[in-house]
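Below is one structure, written out as structure tokens; comments come after it.
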Amino acid sequence: QSRLLKKLQKLTLLFCQRAMGLGLSSTGATCCVDRSGEIRRPACPLQLCYLDFRKPAEAAQAGGAQARLFRLVPVGCDSSKRQASVAGSGPEWIGKDVSTCYNEADFYNEVLHLRRLQQQDPPLQPVPCKTLPMEPPTPDNASGDGSSLSKDGPWRIFDFMVSYHGLARSCMCSWHADGKEKQRTCDLLVFRSPFEGLARPRMLDLELGPRTLALQARDDNKIASVVLALQEGISVDGFLAPPASIPSESTTLDLRGWSWGDTVQARAKRLPLQKLSLSQALAAFIDLRAPIAEEKVWLSDETVASNRVTAARSWDNFRHRFLCGAEYAELALLALTQQLAELLKACEEVPVPQKWVQTSLALLVEVGVAPPRTGPIHPATWVSSRVKLQVFGWGKSRLSLPHCISSDDMQDNVLPWKIYQHHISRVLWESARLYFHSFCAQAWTKLQIEVFEVCGKSSVLIGSASMQLEKSASDSRSLPLQLEDQPVVGSDGQASKVVLNMTFLPCPEPSNFVGFWQICVQRAENLPRPPTAAGAAAPSGSLVVKIIAVEDTSLGYRTSYARTREVVKTENPMWKEDFEFPVVQVGKISASVMRLLDVLGVRADRPTAEAMAAAAAPNGSLSSYLPPLNYQSESTNNAKEAVRDAAIGQVAFISELQSGWQGHKTGLIAQV
């Protein structure tokens, strides 16, 4: 029975592919993504790609991708220039096997047809200009070619989608699976690579809920719909080139993934990502220490230091030539926040509600090159060109067009479209909150260190320590650990400790910060050994350190968070990781808030400098919309109250933000 079922599935897929190849949609058949009862439009003719690619196409790496992707090289292009986009000499192309994403082909075909009709598609080939009629179609004369959308203008939401350029027929593809090389002829959906222009891309793949199509609720309360969106959740589906603190890309030996095959192994690698909250995922996304550290290695190879004085001069020269990790992270987060705000604006401009379910939002940033501090290109411009936002994953979605949707379908799309916009709003709100609490501190006053044992999906606190931060010369501290106000001791009865190195380093001009605290987590000493039964093996686990910088002053409370990589559990583990906590100049905090408001698009009724400084304080008007980040365990008894409080803050923030977009006075900055 299983063999017959597989043969039936193959025959069904073959029939669908033949139907697409024969162009049955051009004979008047209705598109499968549009089942409106009153007005039915003919499906758009199949768009074929106008490029010919080399064969075979090799598999491309993509974090979190369910379908297999292939790297495409056009015929006539030098194979040694596959990274041509990095050098600026040509585009990059990827292909997606249509047999694994057949439902997406209709969606992308509709989008490509509309973009070309409206001259919105980036013309890599000439697109003939067409005279589009202005009168709306009726059920009798509806042409279904998308011409009725001309009066509505181009949809800006299409600019955030992965650029689709048609179907490539009968491509020979090769890939490795289960230790063997495999080849197969298949049809590919051709896209401009989202990694184009990035030497080493980092991609955070966020899956936007809801996970089911059962959305029958009818509630006009905005808070209730946001609560529903938060409960459905935004999950991390993939993380390509993650920081060292994310272990998802390593081999999952405890799950025996290799013995189960590549498919199970890929799923097993994504299991640790399910523990991440959205704020933790965004904090890991802007953890950009790796490119800075690699650039330091190149610099040390060029200028070998013979003594400590020469080494210090070389690192000082490096800070004058390149941005530090905290400066790079701030500019990347600003660029990401700006694109999220533009995406939310584009969603509001869509003329009819859509039913986009379980789509994906990809955040991309460059992690292979350190941004220069000086040069012909401004650092902010350099960083913004290497931060991207892409929307994809349309297997369970459909495209609704004006004048081609019934009233019942429009009513059914209202709630899913609200939830989709709430998901985009939440990512925007979390990004703004992360910036407000991580890059607007005037003085970090306290440092908290927590050592955890991680085993599977659970983590146990071993001990914590805290200390006051004061600007001074380099200092090394050995902090004793405590647990519930009791000292933590090792197996020999001695106190358990964590060893840190702290240095405050000034930032050269030009910079948005006066300096930053560099915290180096060296090691832990004499950690307790877990009790085991006689003859039993010690439980397997790993150790991780969480660092929380606190600005606790009379003006309020602000926190910033960092996390080390996981190491094998021992009594004396070693990390040797550096973390940076930036500080803005006292009296110039309003400049940081102004940069945040600029990328959010709030430019009406500029407030005074006093109002900006008051709003930027930890207890200012912005803090009521952007509360402090909560890095405690999410398994609390007040989970429902926390979700509702987050929904209230998000709704209030987005409402004030939309008022600013419309030119009205916004409550984000209270006038003084």
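The values are calculated or read from the model by the stated rules, or taken from the named source; none is laboratory data. Just so we're clear, the structure is a prediction, and the values are computed from it rather than from any experiment. Positions of Cβ are backbone-derived with ideal geometry, glycine not excepted, and every protein chain shown enters the neighbour counts. Just so you know, the surface numbers come from the protein's heavy atoms only, side chains and all, with ligands and any DNA or RNA stripped out. Shrake-Rupley method; radii C 1.70, N 1.55, O 1.52, S 1.80 Å.
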- Message: So, Ala346, is that one under 20 Å from the mean Cα position of the chain (by Cα) and assigned to a strand (DSSP E or B) or not?
- Response: no
- Item | Qualifying positions in segment 543-556 - open to solvent by 50 Å² or more (accessible area, probe 1.4 Å) and either assigned to a loop (DSSP other than H, G, I, E, B) or under 19 Å from Ala465 (Cα atoms) (or both) | Asp552, Ser554, Leu555
- Message: Please pick out the residue among Arg211, Arg256, Arg184, Arg202 that is at pLDDT 55 or above and in contact with a helix residue (DSSP H, G or I) (Cβ under 9 Å, 6 or more places away or on another chain).
- Response: Arg202
- Task: Please name all residue pairs, on different chains or six or more residues apart, with Cβ atoms under 6 Å, provided the first residue is in segment 487-513 and is in a loop (DSSP other than H, G, I, E, B) and the second residue is of a type in the set (Ser, Thr, Tyr) and crowded, with 20+ Cβ neighbours inside 10 Å.
- Result: Val488/Ser496; Gly490/Ser496
- Task: Test each condition in (1) of a type outside the set (Val, Ile, Thr); (2) assigned to a loop (DSSP other than H, G, I, E, B); (3) touching a helix residue (DSSP H, G or I) at 6+ places or on another chain (Cβ under 7 Å); (4) within 30 Å of Val369 (Cβ to Cβ) for Tyr435 and report the one that comes out false.
- Result: (2)
- Within segment 50-67, the residues that are at pLDDT 85 or above, within 12 Å of Ile94 (Cβ to Cβ) and surrounded by 15 or more Cβ atoms within 10 Å (Cβ to Cβ) are Phe53, Ala57, Ala59
- Query: Which ones in segment 581-593 are open to solvent by 50 Å² or more (accessible area, probe 1.4 Å) and either of a type outside the set (Gly, Ala, Ser) or under 20 Å from Glu525 (Cβ atoms) (or both)?
  - Reply: Gln585, Val586, Lys588
- Message: Within segment 306-341, take every residue that is modelled with pLDDT of 80 or more and either outside any helix (DSSP H, G or I) or of a type in the set (Phe, Trp, Tyr) (or both) and give me the one that is most open to solvent (accessible area, probe 1.4 Å).
- Response: Phe322
- Task: Name every residue in segment 387-396 that is surrounded by 21 or more Cβ atoms within 10 Å (Cβ to Cβ) and basic (Lys, Arg), in order of residue number.
- Result: Lys388
- Could you list, in sequence order, the residues of segment 398-411 that are farther than 21 Å from Glu349 by Cβ and part of a helix (DSSP H, G or I)? Ser407, Asp408
- Can you work out which of the residues in segment 652-672 that are at pLDDT 80 or above and open to solvent by 20 Å² or more (accessible area, probe 1.4 Å) is farthest from Leu626 (Cα to Cα)? Trp661
- Task: Among the candidates Pro376, Pro416, single out the residue that is open to solvent by 10 Å² or more (accessible area, probe 1.4 Å) and over 16 Å from the mean Cα position of the chain (by Cα).
- Result: Pro376
- Here is a list of conditions, (1) in a loop (DSSP other than H, G, I, E, B); (2) open to solvent by less than 30 Å² (accessible area, probe 1.4 Å); (3) without any contact (Cβ under 8 Å) to a residue 60 or more places away in the chain, and Gly368 meets all of them except one; can you say which number that is? (3)
- Note on the structure: Within segment 397-413, the residues that are open to solvent by 50 Å² or more (accessible area, probe 1.4 Å) and either among the hydrophobic types (A, V, I, L, M, F, W, C) or in contact with a strand residue (DSSP E or B) (Cβ under 8 Å, 6 or more places away or on another chain) (or both) are Arg398, Met410, Asp412
- Residues in segment 574-587 that are within 31 Å of the chain's Cα centre (by Cα) and not in a strand (DSSP E or B) total 2
- Note on the structure: Counting only residues in segment 430-454 that are among the β-branched types (Val, Ile, Thr) and open to solvent by less than 10 Å² (accessible area, probe 1.4 Å), the one farthest from Thr553 (Cα to Cα) is identified as Val451
